[in-house]
1. Using amide H atoms built 1.01 Å from N in the peptide plane, name the residues 5+ places from B:T351, or on other chains, whose amide H lies under 5 Å from its own.
2. What residue among B:V64, B:V95, B:V219 has the largest mean-square fluctuation in a Gaussian network model of chain B, using Cα springs under 10 Å?
3. Residues of B:196-206, mean number of Cβ from any other protein chain within 10 Å of their own Cβ, rounded to a whole number?
4. Please return the longest stretch of chain B lacking exposed loop sites, where trypsin sites (Lys or Arg not before Pro) count only if DSSP places them in a loop and at most 12 other Cβ atoms lie within 10 Å.
5. In deg cm²/dmol, rounded to 500, what helix-only [θ] at 222 nm does the protein assembly as shown give when every DSSP H run of at least 4 residues adds -39500 (n - 2.57) and the total is split over its residues?
6. Summing Lys, Arg as +1 and Asp, Glu as -1, what charge do residues with Cβ under 10 Å from the Cβ of B:I350 carry, B:I350 excluded?
7. Could you please tell me the mean projected area of the C-alpha convex hull for the protein assembly as shown, averaged over all directions and given in square nanometres to one decimal?
8. How far apart, in nanometres, would the label points at A:I139 and B:R220 be if each is projected 7 angstrom from Cα along the Cα-to-Cβ direction?
Amino acid sequence: METTPKDYSHIKGWGIDADPHNNPSYPIKHRTNGEHAGYVRPDLPQQPETVEVLHSNERPNLTAVFGTSAPPSGLSGMIRRLAFRYSENEYRHWLPLLLADRVNVVEGILDDLAHGHIPNIFAEKGGKADWKYNRAGAIRSIAVGALLTTGALVLLTRKSKAPRRSKTRSNARDKA
Amino acid sequence: MLAMNYRGPYRVRLDRNKPMPEILHPQDAIVRVTRACICGSDLHLYHGLVPDTRVGSTFGHEFVGIIEEVGPDVTKVKVGDQVLVPFNIACGECVFCKQEMYGNCHESNPEATAVGAIYGYSHTAGGYNGGQAEYVRVPYANVGPTVIPADMDPDDAVLLTDVVPTGYQAAEMGAIQPGDTVVVFGAGPVGIMAAKCAWLFGAGRVIVIDHLEYRLEFVRNYAQCEAYNFKSLEDPVLFIKKTTGWLGADVCIDAVGADASGNAMQSITGKKLLLQAGAATALHWAINAVKKGGVVSIVGVYGPTDNLVPIGNMMNKGITMRGNQTSVKRLLPRLIEHVQAGRLNPKGIITHRVPLEEVADAYHIFSAKLDECIKPVLIPSSARA
């Protein structure tokens, strides 16, 4: 075991917040038992519900304020609505939400294209920074991407040729 | 206005036409952002690990700025005030806020009861837009926003919105006794700050474990502690047992969360296959490295489903585990004192100051640990003028 140094004078503020009675520590340090009364809605004005807000079925109401950043929409929104039928205790709540997130990514690309915007995925993934600080890795990624694209093109070309070969063989059989 | 725009895992961009936020509740304020950090926990969103992270959202829960507009019921701040905004959205009135559990407010997040509301942190955390933008809506403006002391550097202030209080609360929840050995897993911004704050509670020895040499070197100097690379240790838990006289650390802090490295099975099931809520490697090590009767303090963020950890050892060893989203408002008065007294130097961890327009590059640099990045701060053009 290494020897514990006993002189902490080089550490500014050493021990200044030491509290031998800090147990139980936060978060139950200041418990009031107010929870014993159950949920009581504080006297707060309610934010108007101007967009669709999904709320957990583990509470009876909307909170007094809520975010409005991206209301559910499209196929991902349908999946999210389904997920919110189940409590936070259920995989049926969380796993569909993860699925909806991935569907939402595709929706985002389609939405971009529908608005005439071709997403610059290279830039969105921080390609410029990668080129500057991780050139070898960036070149490797580009090479792998090119390899995969070439492989996919070769496969697609083969598939498109396949029916012609089949037709030729069929003709040959007919002639025989 | 300009705002960060999430497009999917590992894809973000600058949106030049995001609609301006509006007052939607009498206690709302609109803040013009002057600094916004990217947090290590933003990377969990960026990596697609947090359910209900919707395309089009703006991230950012660490920001400071100037009050631009207030709702009719806002009395504690006024237009023109320079404020730091705690990352939790808290009403100040519910039963949890009244116990100073501002990170567990029950009146700000309708979409999950297990999670308080956090700016720009998915719909699981309330669906609010975040501060990686020119302007942001700040609900319950009588509770959260705190006027920045005139003598405080805004770079210090922006780190008081999350990193400093989270590191401090990690140490506080460890219930450190004078002379205790404290092991911090993770040398990211929060781990660095947890190591620094452990001394304030009288730790006798502080050890940080990570795998990035530049961060280990940084934390050795910044937090005056020991730091070890788990890649060079055969088994980090065994190492901690040996170096603590075979009994284990008094306190272990998980300052990593869902994006941990170090265990292939955890990484594959947690980060690649999403069969668990992220890789729980750091928490696994913390439980196994702490002494019998010791304390494990968790500030690393995990998703809401579940994780593989040796919970049986928790029972057998009599471990106390504490964790929580940080109650920033509760800690601010003390932490402002520490900064003003020079006991804490938050801005010392900032390594990158990036224009908001280059948000995609900033995320990639931070995520891929390029250019020895420890803490990036985004600065909107309006704040640079």
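1. Residues meeting the amide H criterion: B:I374, B:K375.
2. Greatest mean-square fluctuation among the candidates belongs to B:V95.
3. Mean partner-chain Cβ count within 10 Å for B:196-206: 5.
4. B:79-385
5. Working: 17 runs with 186 residues, N = 561.
Theoretical 222 nm ellipticity from helices: -10000 deg cm²/dmol.
6. Charge balance in the 10 Å sphere: +2.
7. The Cα convex hull of the protein assembly as shown, projected and averaged over all directions, gives 30.7 nm².
8. 3.2
Readers should treat all values here as calculations from the given coordinates under stated rules, not as data from a laboratory. Note that the coordinates shown come from a computational prediction; the quantities given were computed from them, not determined experimentally. Positions of Cβ are generated from backbone atoms using ideal geometry, with glycine treated the same way; all protein chains shown enter the neighbour counts.
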